[in-house]
1. Looking at this structure, is residue 276 exposed (fewer than 14 other Cβ atoms within 10 Å of the Cβ) and either in contact with a helix residue (DSSP H, G or I) (Cβ under 8 Å, 6 or more places away or on another chain) or not in a helix (DSSP H, G or I) (or both)?
2. If I ask for residues that are closer than 17 Å to residue 105 by Cα and in contact with a helix residue (DSSP H, G or I) (Cβ under 9 Å, 6 or more places away or on another chain), which ones from region 142-177 would you list?
3. Could you please let me know if residue 166 is part of a loop (DSSP other than H, G, I, E, B) and within 24 Å of the chain's Cα centre (by Cα)?
4. Among the residues of region 72-91, how many are within 21 Å of residue 34 (Cα to Cα) and either out of contact with any strand residue (DSSP E or B) (no Cβ under 6 Å at 6 or more places or on another chain) or without any contact (Cβ under 8 Å) to a residue 40 or more places away in the chain (or both)?
5. Go through region 7-22 and count every residue that is surrounded by 14 or more Cβ atoms within 10 Å (Cβ to Cβ) and either in contact with a helix residue (DSSP H, G or I) (Cβ under 7 Å, 6 or more places away or on another chain) or modelled with pLDDT of 95 or more (or both).
6. So, in region 182-199, exactly how many residues are assigned to a loop (DSSP other than H, G, I, E, B) and under 12 Å from the mean Cα position of the chain (by Cα)?
7. Applying the selection to region 192-222, what residues are under 21 Å from residue 137 (Cα atoms), in contact with a strand residue (DSSP E or B) (Cβ under 9 Å, 6 or more places away or on another chain) and either surrounded by fewer than 20 Cβ atoms within 10 Å (Cβ to Cβ) or modelled with pLDDT under 95 (or both)?
């Protein structure tokens, strides 16, 4: 089992300084690097202080100057916001600058808030089609001249400039949920990222079953599969109870962004009242405790052993949570020092 960190700059209130948030993200990445994690992942989002990451390549190149060993992954690029030639070139340039440390996670995107601003009229179905057209072109563009006449993109013979450092280009990971996404990724020899969100072990098991089904129909080498999950390692039950409350609030805001019904001002979504938080039983603290990777070190070890037994190759510690920096850092430190050694 490999371990990695998934994190963004996360701004919750107008008084938080962006420069401070950048410094805190760098510190978490350094902790992951020095602690022996395999990779650090950050995503792509636009116009949202909830997750600040307008171009993950910029963030990853920045982090490369403060880390030595970790791979640096996009978790994930929103494919329909990128022309294939532009994506191939910027990924290769980032790979060159970081001396071959880039990994490329790709998705269709999740927020209609972003679709209606960057690609008005596009829905999730079209976004998925664009992602499936773009992704197989990347290796062709990295390898040499590639011409393409597709549904969404058409271009004459073109190649990536520069070329990536890594042979065949950065490893590609596809964010997958339904069986068709798993099959698309596996059939193209891509690795798979899965995110069960707050839905617990049944969803974690179902996602692995879909991956296994896709692999059974594929003749090539078995790709890797990574589980991205909100994680908190607490000192005791009282500490983990606080974490479950904070993650409950986080998921309420996540759901509000996803629904795209509340007004947004200066990158911050309208405040959710305590009564509304209490009324959302689906994302209650009790459900967070039961369905996320939360607990003392031994409890978290036991949960991840279960994921390992299911067949997951990598576990990504998702730290976005609405917690202050000190709590994020302390939880990550306990994960590195007290949890990871159980898997060496």
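1. yes
2. 142, 164, 166, 168, 169, 170, 172, 173, 174, 175, 176, 177
3. Spelling it out, residue 166 is indeed part of a loop (DSSP other than H, G, I, E, B) and within 24 Å of the chain's Cα centre (by Cα).
4. Final tally of qualifying residues: 2.
5. 7
6. Going through region 182-199 one residue at a time, the tally reaches 3.
7. none
Condition check ((1) surrounded by fewer than 18 Cβ atoms within 10 Å (Cβ to Cβ); (2) within 22 Å of the chain's Cα centre (by Cα); (3) in contact (Cβ under 8 Å) with a residue 40 or more places away in the chain; (4) in a strand (DSSP E or B)) across all residues:
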position: 271; (1), (2), (3), (4): yes, no, no, no
position: 294; (1), (2), (3), (4): no, yes, yes, yes
position: 302; (1), (2), (3), (4): yes, no, no, no
position: 317; (1), (2), (3), (4): no, yes, yes, yes
position: 329; (1), (2), (3), (4): yes, yes, yes, no
position: 332; (1), (2), (3), (4): no, yes, yes, no
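The values are calculated or read from the model by the stated rules, or taken from the named source; none is laboratory data. Given the structure is predicted, the values throughout are model-derived calculations rather than measurements. Cβ coordinates were reconstructed from backbone atoms using ideal geometry, including for glycine residues, and neighbour counts include every protein chain displayed.
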